[in-house]
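Below is one structure, written out as structure tokens; the observations come after it.
The values are calculated or read from the model by the stated rules, or taken from the named source; none is laboratory data. Values in this document were obtained by computation on a predicted structure and should not be read as measured data. Note: ideal-geometry Cβ built from the backbone for every residue, glycine included; neighbour counts use all protein chains shown.
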Amino acid sequence: MERQKPFKYLHRQQLWDYNARRSKACWATMLQARSHTALEPKRDISENLSYMIPPEGTAKAVMPDQDPTFGLGFIQGVVGAHPELACFTSDGFALVQSREAKDKDLPTNDAASSLLHESTGSTERVYGTALLIHPNHLDRRLFSSSQ
């Protein structure tokens, strides 16, 4: 059985240290929750951050702890036992959701559903916690059968 690698949440100060060239006003805008989506602040591909998107509340920036990509164990820990690739965004991020979340009556994830609609035009909803994975953090072999 593969040992699950630890992951870390990045707090505001760690994010500031990670990308010191950003101004305080920009960070305040980026971390602020908007009424219709938790990820309304513009993602910057150069920041090298992925995001965990809960159904309620704001998205949390996450990064792989030891490996350059997220392992299956981490992804399953965030979205559920059966993750599936929902789509790729126009800037290359991968939106991953749980395959069985709707059947388990998990709450609707409006922020992730908005990203899905924005990227594909689909009216489908995302349920439960989703993961928006930066292209540098995605092991494409995990989702090769979905493409």
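For the stretch 62-86, a residue qualifies if it is more than 16 Å from Arg140 (Cα to Cα) and in contact with a helix residue (DSSP H, G or I) (Cβ under 6 Å, 6 or more places away or on another chain), but none of them does. On the given criteria, is Glu84 within 26 Å of Glu47 (Cβ to Cβ), touching a strand residue (DSSP E or B) at 6+ places or on another chain (Cβ under 9 Å) and not in a helix (DSSP H, G or I)? Yes: the conditions hold for Glu84. Per the listing Ser122, Ser98, the residue uniquely loosely packed, with under 14 Cβ neighbours inside 10 Å, touching a residue at least 24 places away in the same chain (Cβ under 8 Å), touching a helix residue (DSSP H, G or I) at 6+ places or on another chain (Cβ under 8 Å) and polar (S, T, N, Q) is Ser122.
Which one is farthest from Pro107 (Cα to Cα), of the residues in the stretch 50-77 that are acidic (Asp, Glu) and in contact (Cβ under 8 Å) with a residue 60 or more places away in the chain? It would help to see each step written out before you state the result.
Filtering the stretch 50-77 down to residues acidic (Asp, Glu) leaves 56, 65, 67.
Restricting the remaining residues to those that are in contact (Cβ under 8 Å) with a residue 60 or more places away in the chain gives 65, 67.
Numbers: Asp65: 28, Asp67: 31 Å.
Restricting to residues being acidic (Asp, Glu) and in contact (Cβ under 8 Å) with a residue 60 or more places away in the chain, the top hit is Asp67.
Tell me yes or no: at least one residue of the stretch 32-43 is at pLDDT below 55 and within 19 Å of His137 (Cα to Cα).
Residues of the stretch 32-43 at pLDDT below 55: 32-41.
Next, only the ones that are within 19 Å of His137 (Cα to Cα) stay: 39.
Yes - at least one qualifying residue is present in the stretch 32-43.
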